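Data block below; observations after.
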Amino acid sequence: MFDWVQQFADWLVYEQFGLVKGEHLAEALNFFFYDSIKILLLLFIVIFFMGIVNSYFPVEKVRNFLSRNKLYGTEYLMASLFGVVTPFCSCSSVPLFIGFVRGGIPLGVTFAFLITSPLVNEVAIGLFIGLFGLKTTIIYVISGVILGMTAGIILSKFRLERFLTPWVKEVLANAQKESEAFEAEQTPFRQRLPIIWAEVLNILRGVIPYVIVGIAIGGLMHGYIPEGFFEQYMNKENPFAVPIATILAVPMYSNASGILPVAQVLVSKGIPLGTAIAFMMGVVGLSIPEAMLLKKVMSLKLIGIFFGVVTLCIIVSGYVFNMIF
Amino acid sequence: MKEIKILGTGCPKCKQTTSMVEKAVEELGLTNVTIEKVEDIMKIMEYNVISTPAVVIDGDIKIKGRVPSVPELKELLQ
């Protein structure tokens, strides 16, 4: 599918720039052009597709679905699955949290959604397909869904309502099943398109600088670091690699789109995929800014428990990945 | 007299929305308009929105969960 991009990169670097195939600079540049074009195209496709899905299935519908239907234990899975198709900006996490709680959705289910939504988002999926291929992406998405579900179920066992801030407890006490019908928007696709389009451009504009810088760094490393370089330091036998990678990743945030391309090069140079994925999940899924926002609705203790449980789940999935691959 | 409220907890998208609204108002040359930024989460929740930023015009939620475009806002304000 992307042969033509490779041909273009070859043509540009070897013929137009006159660089010799096999040289460090030539290989780094070739990698940079090939990866940038391919990844931006994939990002565009995935973000556009998700934009269409989301236009017909916004978060309000998700909330009403979870709030109204008896789901017999599948609500954690459903919430986690909805998290995949609903884009999420960490600045929405508080209103979303309150909205869910007010709709009578249990805390654990709300957490399942809050965990999966940033972890498996359109930008991460687009980058993953471009960098690691479809198979790894599918595995990533499935493990993200399972992770959100599992962490939600674990968190539900803690009786966390105690640790909410007082005004949220009040909201909780007055929770009711959402009765208002979702205003059935009968907007035709033709009218939705400009709005979806604007949103696609908006997201792309936000991530492109990070992606380009990430790929540039990746390209340099690709050309200059020898194959298998990291194997001696971070091989599968090192039991601490996964937890260290995860804990380093948790505080990082907005540069997720820049970190993925670098992580891909690290994997190609010998870092085990599970360790890299744990790192990426830590970057994408949890962040300090998110914790600061959540302080408005949760006590520090609850945020600690929340982050702790998710971090543990990420570490476990890192180990599982390393066992599979 | 139009009353525009922008609901958002101060994230980049909310600031973008505010500048879009200001631009739309300016381009339309509207004078009898109030623009208010609502950043307090408890007040935001009174509007029952769960995705921000949101734009409220005369008490009606017109836009939620995304940054609107200037032409779109102009249409809503006319």
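Please treat every number below as a calculation from the coordinates, not as lab data. This is a predicted model, so every value here is computed, not measured. Methodologically, a virtual Cβ is constructed for each residue, glycine included, from the backbone with ideal geometry; neighbour enumeration extends over all protein chains shown.
Brief remarks follow.
- For chain B, the dipole from Cβ point charges (+1 on Lys and Arg, -1 on Asp and Glu) about the Cα centre works out to 260 debye, to the nearest 20.
- Percentage, to the nearest whole number, of Cα pairs in chain A over 28 Å apart: 45
- Overall form of the stretch A:110-150 per C-alpha gyration tensor (a/c, 1.5; a/b vs b/c): oblate
- Each residue of the stretch B:61-78 is assigned a 3J(HN,Hα), and the resulting list reads 6, 9, 9, 9, x, 7, 8, x, 8, 4, x, 4, 5, 4, 5, 5, 8, 7 Hz, derived from the Karplus form 6.51 cos²θ - 1.76 cosθ + 1.60 (θ = phi - 60°), x at Gly and Pro.
- 3J(HN,Hα) couplings calculated from phi for the stretch A:17-22 with the Karplus curve 6.51 cos²θ - 1.76 cosθ + 1.60 (θ = phi - 60°) are, in sequence order, 7, x, 8, 8, 4, x Hz; Gly and Pro show x.
- Distances between placed amide hydrogens fall under 5 Å for B:Ile63 paired with B:Val55, all partners being 5 or more residues away or on another chain.
- Binning the C-alpha pair distances of the stretch A:233-325 at 5 Å intervals from 0 yields a P(r) profile of 3, 15, 24, 23, 17, 10, 6, 3, 0 %, listed from the shortest bin outward.
- Ascending count of other beta-carbon atoms within 10 Å, so fewest first, for A:Asp35, B:Asp58, A:Asp3, A:Asp10: A:Asp3, B:Asp58, A:Asp10, A:Asp35
- Ordering of B:8-21, B:44-57 by packing [mean C-beta count within 10 Å, highest first]: B:44-57, B:8-21
- By the rule of a C-alpha distance below 25 Å, with chain neighbours fewer than 8 residues away ignored, the lysines paired with A:Lys296 are A:Lys61, A:Lys157, A:Lys169, A:Lys177, B:Lys5, B:Lys13, B:Lys15, B:Lys37, B:Lys43, B:Lys64.
- Partner shielding of A:95-101 amounts to 5, given as the average count of beta-carbon atoms from other chains within 10 Å of each residue beta-carbon.
- Relative to the longest principal axis of the Cα atoms of chain A, the long axis of helix A:134-156 makes an angle of roughly 30 degrees.
- Three-way shape call for the stretch A:44-183 based on the alpha-carbon gyration tensor, with the a/c threshold at 1.5: prolate
- Summed residue charge, Cβ within 13 Å of A:Tyr14's Cβ, Lys/Arg positive, Asp/Glu negative: -3
- Rg/Rh (Cα only; Kirkwood hydrodynamic radius) as it applies to the stretch B:2-67: 0.95
- Overall Cα dimensions of the stretch A:44-84, principal axis frame, Å, largest first: 37, 16, 8
- For residues of B:38-46, the mean tally of beta carbons on other chains within 10 Å: 3
- Aspartates and glutamates with Cα under 13 Å of A:Lys269, excluding same-chain neighbours fewer than 8 positions away: A:Glu227, A:Glu231
- Taking the C-alpha atoms only, the angle from helix A:189-224 to the longest principal axis of chain A is near 50 degrees.
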